[in-house]
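Sharing a structure here in C-alpha cells format.
The values are calculated or read from the model by the stated rules, or taken from the named source; none is laboratory data. On a predicted model such as this, the values are computed, not experimentally measured, just so you know. Reconstructed Cβ throughout: ideal geometry from the backbone, glycine too, with neighbour counts over all protein chains shown. Surface accessibility is based on the protein's heavy atoms, side chains included, excluding ligands, DNA and RNA. Shrake-Rupley method; radii C 1.70, N 1.55, O 1.52, S 1.80 Å.
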Amino acid sequence: MLGALFGEVVYIDITGPLMWFAAAWFTTVGGGIGSFMNVVIYRSPLGKSVVHPGSRCPRCGYAIRWYDNVPVLSWLNLRGRCRNCDLPIAARYPIVEAMVSAIFFAVAVRELFTGGANLLLPMTSPRFVPMTLFGVYACQMWAICTLICAALIEYDGLRMRKRLLIYAVVLVVLASPWLPGLPPQAVSGIPLWLNGLAGAGAGAVLGCVARLRFWGVSVRRSTPELELMLFGAIVGWSLVTVFAALAAAVDLLSAVFRLCDRRSGRWPWNATLAIGLFACIAFYSELVGNLPAQWLVDPLSILAAAGAVAVASVLTAACDRRVEAWQQREKQIMADESDSKRRNSGTPHQQATHDENLQAILQSPSYRIAAYDTDFLHREELRPVRLQLELLKPEMAFQENGIRSTVVVFGGTQIVDQEEADRRKSEADTRLELAPDDQARTRDVARAERIRAKAKYYDQAREFGRIVSSACQVNGDCDYVVITGGGPGVMEAANRGAFDAGAKSIGLNITLPAEQRPNPYISPELCFQFHYFALRKMHFLMRAKALVVFPGGFGTLDELFDALTLRQTQRMQEIPIILFGREYWDRVIDFQFLADEGVIADEHLDLIDYAETAQEAWEIICRFHESREAVS
C-alpha cells in the first residue's frame, strides 16, 4: 500500500479458479466477523470485554466449543439449541452471520473482482486488482459492520459505546491518503494523497454538520453525528448530505408511525445508514450516473439537504416528546389508581406499622426461597417438577457412583429366612393351641407352614446376590449391581448377599400407607425413596442386564408384567427374565394357557426362563449375554 504514495502500484491476479477461492474466502471471513459482531452487540453496551472470556451460552454459561461456534452451520447442526442446557439460541445470531457474509461477498464482487470499476477508478488490466483496493475494501467493511452493530444495539434499547465509532472514523480518515478510491470522488489538480484526505475529512465534517443537535434535538440511544461522520468519511462529501436527508426522512416516518401506534418500537437510525452505506459502496457508479449532478456538488443543494435534515429532526423530536408525554401520563394514572386502592382498602395489612409489615413479609410463605418451600413444591401444579426430581436424583447418584449396569431382583416381603420362618410357625401353633376350633388360627398355621417352606428362596436370593456381586464388582467396576425395592423379604436377602461380598447394592423404596423401611444391607449412598411408582419402575429397568423374580404377591406380579410387556413390545433392551421356583409360578400363572388361547404368541413364552438355584440363574444370565455378544 505504501507503494501507491510513491507512484508504484502492486497488482494481484484473481481471475479463473483463484476468483472462486477468493469469493469463498471473503464469504467465510464475513461469517466469522458476523459471529464476532454478535459478541460486540451483546457485551459492548454492558461494558464487558469482547475478547475474554470466550463465547458462552448467555443462559447456562456453558463454554462454547469451536465446533459449536462455526457461523450459521453450528446453529443449524444444533437445531437452534444450546448443547448443554438445550434452551433455544436466538435466530438473530445466524441471521447476522449470514447477512455479513453476503455483504462481504457482494462488495467483493462489485469492487475487487472488477478491479475498482464500480468506484470509477482507472484499471491497468481487467485481470489484475491493485492491492490498494483491498485496503479500501477493509475500511468499507469495518464501517458497515460498525453501523450494523450500532443499529442492533439501538434496537435492543441500549447505547453503543462512542469510542467504537470514533476509532472507525479516525481509522478511515487516516487511511484515506494511502488508499486511492477512499472516498471514491476525486478533484483534479491536487496530489493523490491530499485528494483522499480532503475527501474523507470533508465528508466527515459535512456529515457531522448535517446532523447537529438543532435546538437540543437528539435521537435517544444514538450518536447521529458520529455515525454520519463515519458515513461521510467512506462515501465523501458528494453523497453524505443526500443520504443524511434520506435517513432523517425515514426516522421521521418511524416517529410518525410510533405516534399513531404508541406501543410500537422505533426503526433504528443506524439501520438506515448501514443500508445506505452498503448501497453507496456496492452501487456507487450507478448512483453517480443517475443522480442529478447539482445534488452532488451544488452548494445550494447541499444546504437544502442540510435544511431538510434539520426540519426532519425537529419534527421527529416533537413526535418523540408527544409519545414520551403520553407514556408518562399513563404511568401516573396507573400509580394514582394503585394509591387509591391502597388508601381505600382499609385492611389491617395496610394499616400496620412499618416494623409489623416487615415482620409479616419475612414470615410470609411467598417470601420463602422456592426450593425450600415444601408447601409450594407439594402443590398439585408442581407435579411435573416432582416427577423430574425423582428422575434426576437417582440418575445423578448412579452416574456419580459409576453404576454402569444392574441386575434386578423382585420378590415377596413375607419370604423370610429359616429362623424367622420357624419362629412365626411356632407362634401360630401356640395361638391355635389356645383356641383349637378357631378357623382363622387354623388358616394362619397353614399359611405359616407355606411361608416356612419358601424360606429356601430367601437363602437362594442371598446366595444369588453374593454370586453376582463377587463376579462383577471387581477392581472398582460397578457392573451387574444388585437392585431391589429396598424392603424386607427377598429384597433384603439379595441386598444382604451383596453386603456379604463387600459390594455395593441399590434399594428403591416407595412410600406406602403402611410405612416401608429400607433393609439394613443397602449401600447408604444408593438407597432412595420414591413417591411415584412409574419413576421407580423406570429406574429398575433403565440399566438392567437381567430380571430375577422370586415368589411374591401383587407388587411382584405388577413389576413382572410391566417388564414382560416392555420386552414383548420391544420398548426396552433385551434381557433375560428368570422366574425362580417353577412349581410356584406354574400354579400362579399358566403362561401356556395364555398362548393356547391365542392372547399371546408362542414366541412370547421364550421371554421367560426358570431357575431353582442361584448358580443356575447366574448361568442363564451369562449364556444370554454371551450369545448376544457373539451375534453382534
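Take segment 456-598, compute every pairwise Cα distance, and split them into 5 Å bins from 0; I just need the percent in each bin.
The distribution over segment 456-598 is 2, 9, 18, 22, 21, 15, 8, 3, 1, 0, 0, given as percents.
Further question on the same structure: Using Stokes-Einstein with the Kirkwood hydrodynamic radius over Cα pairs, what translational diffusion coefficient do you get for segment 509-574 at 37 °C and a viscosity of 0.692 mPa s, in µm²/s rounded to a whole number?
Working: Rh = 13.5 Å.
Reported coefficient: 244 µm²/s.
Peptides 92-104, 455-467: what's the order by average Cβ count within 10 Å, highest mean first?
On the way: 92-104: 20.2, 455-467: 22.7.
The densest-packed peptide leads the list: 455-467, 92-104.
Please compute the net charge surrounding residue 472, taking Lys and Arg as +1 and Asp and Glu as -1 over other residues with Cβ under 12 Å from its Cβ.
Working: positive: 404, 466, 504, 545; negative: 477, 479.
Taking every other residue near residue 472 into account, the sum is +2.
Filter the GluC sites (Glu not before Pro) in segment 594-624 to those in DSSP coil with at most 11 other Cβ atoms within 10 Å of their Cβ, and list the result.
Values: sites: 597, 603, 612, 616, 619; in loops: 597, 612.
When the GluC sites (Glu not before Pro) of segment 594-624 are filtered for loop state and at most 11 Cβ neighbours within 10 Å, 597 remain.
Continuing with the same structure: Which GluC sites (Glu not before Pro) in segment 486-584 sit in a loop by DSSP (not H, G, I, E or B) and have at most 12 other Cβ atoms within 10 Å of their own Cβ? Mind showing how you got there, number by number?
Numbers: sites: 492, 515, 525, 559, 574, 583; in loops: 515, 574.
Answer by residue number: 515, 574.
Could you state the number of Å between the C-alpha centres of segment 401-433 and segment 457-493?
Segment 457-493 and segment 401-433 have Cα centres separated by 15 Å.
With the cut-off at 1.5 for a/c, could you classify segment 39-108 from its C-alpha gyration tensor as rounded, prolate or oblate?
Cα axes put segment 39-108 in the oblate bin.
Next question, about the same structure. If 326, 75, 267 are ordered by their accessible area, calculated over protein heavy atoms with a 1.4 Å probe, which sequence runs from highest to lowest? Could the numbers behind the result be given before it?
Numbers: 326 40, 75 70, 267 115 Å².
Largest accessible area first, the list is 267, 75, 326.
Starting from segment 482-584, pick out the trypsin sites (Lys or Arg not before Pro) whose DSSP state is loop and whose Cβ has at most 13 other Cβ atoms within 10 Å.
Passing both the DSSP loop test and the Cβ count: 571.
Give the ranking of 604, 625 by solvent-accessible surface, highest area first, calculated with a 1.4 Å probe.
Details: 604 50, 625 25 Å².
Descending accessible area places them as 604, 625.
Which entries of 504/545; 48/162; 393/537 have Cα-Cα distances beyond 19 Å here?
On the way: 504/545 16 Å; 48/162 15 Å; 393/537 15 Å.
From the list (504/545; 48/162; 393/537), the Cα-Cα distance tops 19 Å for no pair.
Would you tally the net charge around residue 105, using a Cβ to Cβ cut-off of less than 15 Å, leaving residue 105 out, and scoring K and R as +1, D and E as -1? Present the calculation step by step, with values, prior to reporting the outcome.
Values: positive: 110; negative: 97, 111.
Surrounding charge for residue 105 is -1.
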